[in-house]
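Student: Encoded as structure tokens, here's the structure I'll be asking about.
The values are calculated or read from the model by the stated rules, or taken from the named source; none is laboratory data. Note that the structure is predicted; figures quoted are calculated from it, not measured. Because the Cβ atoms are built from the backbone with ideal geometry, glycine has one as well, and the counts that use them run over all protein chains shown. Ligands, DNA and RNA are excluded from the accessible area calculation, which covers all protein heavy atoms including side chains. Shrake-Rupley method; radii C 1.70, N 1.55, O 1.52, S 1.80 Å.
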Amino acid sequence: MHGVRWMFIGHFALGVATKKIAPTLPIWILLLAPQFMDLMFMPLVALGIEGYELGAYGHDTLDALYTHSLVGAAVIAALAYWIGNKFWRDSNGGLILAALSFSHWIIDLFVHHQDMAILLGNLGDLPLLGFGLWNFEYSVFAIEVAMAIIASVFYVQWAKAEKKGPRWFVGPTLVTAFFVILIAADIPRLPAL
């Protein structure tokens, strides 16, 4: 197991930012789609197949050689595609949800330390991947905050233009509050300057 940190805010922000190009998909599925890998990870942790230990920002310990492998990410994205096509056929839902789901692996490739397998369970003991940007905690945190702000602005713009009625702001307000809570929860985990 290697030290990493999940980029919760960045993954959620990417989902929210796609609302304008996926207007028929509900915001809740756009929030969840980039987290499908982590949602699959949790039951495997409960079963003892994968593992997780909380650490300082950017330095949690994660053992996710199945869900966070390249093949695992592709399988989970295929499941997201199926979900999207089954429930949101008219909106290219499958493609959007699959892309959001797989985006998790791409983002993690940049921020994780070398702990991401190519094949399920690191079959073949291939080199593990990860560029380790979590070593620059404040830079990554700033990127996550910027992603949350940009996503919130996009969502406000979409809601204001597309939602009719006096309560168009409710969804964007709730999503922005969600981001503020996530950001506030990460601040104490940042290393001392």
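Student: Could you list, in sequence order, the residues of segment 42-73 that are open to solvent by 10 Å² or more (accessible area, probe 1.4 Å), closer than 20 Å to Leu182 by Cα and among the charged types (D, E, K, R)?
Tutor: Matches in segment 42-73: Glu53 only.
Student: Out of Gly55, Gly15, which single residue is of a type outside the set (Asp, Glu) and part of a loop (DSSP other than H, G, I, E, B)?
Tutor: Gly55
Student: Could we say that Ala33 is modelled with pLDDT of 95 or more and under 24 Å from Pro172 (Cβ atoms) here?
Tutor: Numbers: modelled with pLDDT of 95 or more: yes; under 24 Å from Pro172 (Cβ atoms): yes.
In short, yes.
Student: Can you find even one residue in segment 110-128 that is within 23 Å of Lys19 (Cβ to Cβ) and not in a helix (DSSP H, G or I)? Steps first, answer last, please.
Tutor: Restricting attention to segment 110-128, the residues satisfying the condition of being within 23 Å of Lys19 (Cβ to Cβ) are none.
No.
Student: Would it be correct to say that Val145 is among the aliphatic types (A, V, I, L, M) and either in contact with a helix residue (DSSP H, G or I) (Cβ under 7 Å, 6 or more places away or on another chain) or outside any helix (DSSP H, G or I) (or both)? Working first, answer last.
Tutor: On the way: among the aliphatic types (A, V, I, L, M): yes; either in contact with a helix residue (DSSP H, G or I) (Cβ under 7 Å, 6 or more places away or on another chain) or outside any helix (DSSP H, G or I) (or both): yes.
Yes, satisfied.
Student: Which members of segment 109-154 meet the condition of being among the acidic types (Asp, Glu) and modelled with pLDDT under 95? Break it down stepwise before answering.
Tutor: From segment 109-154, those among the acidic types (Asp, Glu) are 115, 125, 137, 144; that's our starting set.
Selection gives Asp115, Glu137, Glu144.
Student: Considering each of Trp105, Trp82, Trp134, Trp88 in turn, give the residue that is touching a residue at least 12 places away in the same chain (Cβ under 8 Å), aromatic (Phe, Trp, Tyr) and more than 29 Å from Lys20 (Cβ to Cβ).
Tutor: Working: Trp105 fails: more than 29 Å from Lys20 (Cβ to Cβ); Trp82 fails: more than 29 Å from Lys20 (Cβ to Cβ); Trp88 fails: more than 29 Å from Lys20 (Cβ to Cβ).
That would be Trp134, the only listed residue that is touching a residue at least 12 places away in the same chain (Cβ under 8 Å), aromatic (Phe, Trp, Tyr) and more than 29 Å from Lys20 (Cβ to Cβ).
Student: Please specify each residue of segment 116-134 satisfying the condition of being on the phi < 0 side of the Ramachandran plot and either of a type in the set (Phe, Trp, Tyr) or open to solvent by 10 Å² or more (accessible area, probe 1.4 Å) (or both). Give the steps one after another, and end with the answer.
Tutor: Quick first cut of segment 116-134, residues on the phi < 0 side of the Ramachandran plot only: 116-120, 123, 126-129, 131, 133-134.
If the condition is that a residue be on the phi < 0 side of the Ramachandran plot and either of a type in the set (Phe, Trp, Tyr) or open to solvent by 10 Å² or more (accessible area, probe 1.4 Å) (or both), then Ile118, Leu119, Leu120, Leu123, Leu126, Pro127, Leu128, Leu129, Phe131, Leu133, Trp134 are the ones that fit.
Student: Right, something else. So in segment 180-193, with the set limited to residues that are open to solvent by less than 70 Å² (accessible area, probe 1.4 Å) and free of Cβ contacts under 8 Å to residues at least 24 places away in the same chain, which one is nearest to Ala151 (Cα to Cα)?
Tutor: Within segment 180-193, the match that is nearest to Ala151 (Cα to Cα) is Ala184.
Student: Sticking with this structure for a sec: Could you list, in sequence order, the residues of segment 160-179 that are open to solvent by less than 90 Å² (accessible area, probe 1.4 Å), in a helix (DSSP H, G or I) and free of Cβ contacts under 8 Å to residues at least 40 places away in the same chain? Break it down into steps so the answer makes sense when it comes.
Tutor: Residues of segment 160-179 that are open to solvent by less than 90 Å² (accessible area, probe 1.4 Å), as a first pass: 161, 165, 168, 170-173, 175-179.
From the residues that got through so far, the ones that are in a helix (DSSP H, G or I) too are 161, 170-173, 175-179.
The answer is Ala161, Val170, Pro172, Thr173, Thr176, Ala177.
Student: Part of a helix (DSSP H, G or I) and in contact (Cβ under 8 Å) with a residue 60 or more places away in the chain, is that true of Ser139? Break it down into steps so the answer makes sense when it comes.
Tutor: Working: part of a helix (DSSP H, G or I): yes; in contact (Cβ under 8 Å) with a residue 60 or more places away in the chain: no.
No.
Student: Since Asn85 meets every condition but one in (1) in contact with a His (Cβ under 6 Å, 6 or more places away or on another chain); (2) more than 19 Å from Phe8 (Cβ to Cβ), which condition does it not meet?
Tutor: (1)
Student: On to the next question. Is it the case that segment 18-40 has a residue that's crowded, with 21+ Cβ neighbours inside 10 Å and part of a strand (DSSP E or B)?
Tutor: no
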